[in-house]
Amino acid sequence: MTENDVYGVWLQQAAGEGSRKAPLLREYFGSCRAVYEADEQEIRLSGILGVNELPRFLGTSLDAAEEIVEACERLGYGIMIADDENYPDRLLNIPDYPVALYISGSMPDIDSEVCIAIVGTRRASRYGYGTATSIAKDLAACGAVVISGCARGIDTAAHQGALLSGGKTLAVLGCGINTRYNMENEGLRRVISTSGALISEYPPGSPPLSYHFPIRNRIISALSLGVIVVEAGPKSGSLITANLALEQGKDIFSVPGELNSYQAKGTNRLIFDGAKPIESAADVLYEYINKFPDRIVSVNYENSNSRVYEKHVRPKWEKEALAAEYGINPEQLPAKPVKNKKISKSQPKKDIQTGVQPEDSESLPVGMSKQAAELYKALTSVPKQFHELAAELGFGSSELARCITELELYAAVRVLPGDKYTKA
């Protein structure tokens, strides 16, 4: 962090997230700090703020910004402001760029990367979830950076697919980085922050208000060279991202769907309106391989189900995490003592995070969602088919597909021919 970070945070707080006024003021006065140091008369003469906007802007003190910067330092989050040399030009090219970004993880050099956004419905079908996972996995394996919003459905599939190949993925959030939201993806967010970055224009602790998400979509599209829409209904928020990307001059790709499917109405309409239909990651990478020959590597698309290039990037299991904390080999850790049944006759309470019994949670990866933990418990060494697991657990097909992919991320499931699964 730099001493100027506080001025970028202050300007964003004073003008409001998503406002075009903050970039205009920064460009008019030359820097975020120069805006703060300008007096009231200079602000008025700039003509950027309306009469009703001036009181709030002028009444915003630096104290709140300093508290945010201190909180980020305490929590280990980075801050990037528009005055920084490494601030992406791709963001500066949009009129309403965020003058301050909060980051957990490592932000790559965006302008030199093949960044591709993958978006879609939160209510993904099994087909949509699998397609998004496959495309993201191949994109990341070829060297592209996959960007999405870490919401349920297609967003989750995109991040998980990128991680399965050991690639980079960025999640642009519509709330504070540390906000307890969509907790089934808590473990996923943790992994993303270790192999990519969580990004938000909202300071730590900001709630996930509904209007935040359409606003953050402009950042997803701006960071990307192209946007892939996998599944989207006619009123899906993903279409907002596609329209923003179109306004920003980005490439729009769409995965065709069944004509009678509600979730395909938006994607099929995009194709009708001029979006490029795609079947695989290769269709997307073809557009950029000549522009970024050093960033894109080839993958054998003849065998799209190959696991050869996968590098599981998963959170450490509890035993590994404990061993790392004490600097010893995991095998040196003693087994946990069994509780004396004479003393404790009552049924042990369930673990708050996973919802499973303590003796079972001992073998679960840290951060695994409750639903994935239930699937993990249901798996055995005897193969079970997809429909059998769905019926046993009471999961919908898309929910079960998400959980299977999550277990793949943790290297905790074996995927066998014939749509069968066993515990790894």
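Just so you know, all these numbers are worked out from the coordinates, no wet-lab data involved. Quantities reported herein were computed from a predicted structural model and do not represent experimental measurements. Here the Cβ is made from the backbone with ideal geometry for all residues, glycine too, and neighbour counts use every protein chain on show.
Distance between the 7 Å Cα→Cβ label points at Leu209 and Ala38: 2.4 nm. Let me know the shape class of the stretch 84-146, please: from the alpha-carbon gyration tensor, a ≥ b ≥ c as square roots of the eigenvalues, rounded when a/c is under 1.5, otherwise prolate if a/b is greater than b/c, or oblate. The shape class here is prolate.
What does the charge count around Lys21 come to, taking other residues whose C-beta lies under 12 Å from its C-beta (Lys +1, Arg +1, Asp -1, Glu -1)? It works out to a net charge of -1. First check a/c for the stretch 211-252, with a ≥ b ≥ c the square roots of the eigenvalues of its C-alpha gyration tensor; if it is under 1.5, answer rounded, and if not, answer prolate when a/b is larger than b/c or oblate otherwise. Cα axes put the stretch 211-252 in the oblate bin.
Extension gain, Thr422 to Glu287, is 44.7 nm, computed as 0.36 nm per intervening residue step minus the present C-alpha separation.
In this rough spin-label picture, where each label sits 7 Å from Cα along the Cβ direction, the Glu392-Glu53 distance is 5.8 nm. Among Ile252, Gly233, Asn268, whose Cα sits farthest toward the positive end of the charge dipole of the stretch 224-288 (+1 at Cβ of Lys/Arg, -1 at Cβ of Asp/Glu, about the Cα centre)? Farthest towards the positive pole: Gly233. Please give the Cα centre distance for the stretch 369-396 versus the stretch 27-104, rounded to the nearest Å. When both Cα centres are located, 49 Å separates them. The alpha carbon centroids of the stretch 183-240 and the stretch 114-154 are separated by 12 Å. Approximating the spin labels as points 7 Å out from Cα along Cα→Cβ, the Thr2-to-Leu259 distance works out to 5.8 nm. Computed from the C-beta positions of Asp273 and Ala71 and an R0 of 60 Å, the FRET efficiency is 0.85 to the nearest 0.05.
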